[in-house]
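**Q** I have a structure here, written as structure tokens, and I will follow up with some questions on it.
The values are calculated or read from the model by the stated rules, or taken from the named source; none is laboratory data. Bear in mind that the values here come from a model prediction, so they are computed numbers and not experimental data. Cβ placement follows ideal geometry from the backbone for every residue including glycine, while neighbour counts extend to all protein chains displayed.
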Amino acid sequence: MTFSTKLKEEICNKDLTRTEIFSELSSILRYDSFIEQDKITITSENGSVARRIYKDLKSLFPITPHVIVRNQKRLRAKQIYIIEVKEQVESILNKLNILNQKKKVSMKREYLDTPEEMVAFVRGAFLVTGSISDPKTSGYHLEYVFSKEDDALFMQSLLKEMKFESKVTERNNKYMIYLKSAEEISDMLRMFEAPNSLFAFEDIRIYRDHKNMVNRLNNCDIANQQKSTETGLKQIEEINYLKEYNLIDLLDEKTQIVMEYRLKYPESSFQELSTIIGTETEYKIGKSGINHHFIKIKKLVEQHKNKK
């Protein structure tokens, strides 16, 4: 079972107030139904969502929707749930603020005037048009897919009122509105009142963030080690130059000690080199002191090359 399916099942197990049922069902019929003059048809591949729609219709209206279950074997076996409403069609559309005028569905915006109604509407749309990627196997991604651009833009405006910054893009003649921010997706799961899915998402998110931090630190350590190695090799090259031209005696005793230990420990960082010298000799020196000696060595090499 996918993460998206588990989330929808959890949402469908939530008890709703009558106001929430109206808003949620209005959204479902608005975005995922085929409306004719005397019939409303809703199709779903999710059994929990189909049961939720059937239950909501029965709780709001004195009707008995007809349910058809079809087994589809193409590509992969699955069941398709078809809910048909043939009673009080016009009354249902009016009460749910959905109008069927010349087979064109439109919706009144003004009835979504409370946070409770807005959340229920957004949640209903997610049940029939939305999906969320599994945070274990891919990046953070929650989306809604609509047939009409106006629907996507309307949903985007609702989400913006609710402090979600979503984006709209066209894909395969459909319009997708999506969230990529882990924080915003987490907030939406919390808004949907789906604690099990929220905790699972947060556990994975914490694990991934920790893993990414460890990887960044490891990469930083590798980069620092590589830099220390390259620096050490360059300094050994300068020391060997001074040896070749008998210039070592031009440097003071402490600088010569640093040169000796650089030759012994070519890959050590300045901090490591200062610790080793302080442990094995009486010369106590810090990282900046090590750097100062190598500046003197480099300067002597450059002066000699310029005179040649």
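**Q** When you look at residue 45, is it of a type in the set (Asp, Glu), within 21 Å of residue 130 (Cβ to Cβ) and in contact (Cβ under 8 Å) with a residue 24 or more places away in the chain, yes or no?
**A** For residue 45, the condition - of a type in the set (Asp, Glu), within 21 Å of residue 130 (Cβ to Cβ) and in contact (Cβ under 8 Å) with a residue 24 or more places away in the chain - is met.
**Q** Hey, does region 218-228 have a residue that's touching a helix residue (DSSP H, G or I) at 6+ places or on another chain (Cβ under 9 Å) and exposed (fewer than 11 other Cβ atoms within 10 Å of the Cβ)?
**A** no
**Q** Here's something else I'd like to know. Would region 66-77 turn up any residue that is within 28 Å of residue 195 (Cβ to Cβ) and at pLDDT 90 or above?
**A** No, because not a single residue in region 66-77 is within 28 Å of residue 195 (Cβ to Cβ) and at pLDDT 90 or above.
Residue by residue, here is whether (1) under 30 Å from the mean Cα position of the chain (by Cα); (2) loosely packed, with under 14 Cβ neighbours inside 10 Å; (3) without any contact (Cβ under 8 Å) to a residue 24 or more places away in the chain holds:
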{"residue": "32", "(1), (2), (3)": "yes, no, no"}
{"residue": "66", "(1), (2), (3)": "no, no, yes"}
{"residue": "83", "(1), (2), (3)": "no, no, no"}
{"residue": "89", "(1), (2), (3)": "no, no, no"}
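**Q** Here's a follow-up. What number of residues within region 162-185 are surrounded by 11 or more Cβ atoms within 10 Å (Cβ to Cβ), assigned to a loop (DSSP other than H, G, I, E, B) and free of Cβ contacts under 8 Å to residues at least 40 places away in the same chain?
**A** Residues flagged as surrounded by 11 or more Cβ atoms within 10 Å (Cβ to Cβ), assigned to a loop (DSSP other than H, G, I, E, B) and free of Cβ contacts under 8 Å to residues at least 40 places away in the same chain within region 162-185 amount to 3.
**Q** Then there's this: Tell me which of these residue 9 doesn't satisfy, since it passes every other one: (1) within 22 Å of residue 187 (Cα to Cα); (2) in contact (Cβ under 8 Å) with a residue 40 or more places away in the chain.
**A** (2)
**Q** In region 136-149, which residues are free of Cβ contacts under 8 Å to residues at least 60 places away in the same chain, under 12 Å from the mean Cα position of the chain (by Cα) and surrounded by 12 or more Cβ atoms within 10 Å (Cβ to Cβ)?
**A** 141, 142, 143
**Q** Which of the residues that make up region 150-161 are surrounded by 14 or more Cβ atoms within 10 Å (Cβ to Cβ) and under 19 Å from the mean Cα position of the chain (by Cα)?
**A** 156, 159
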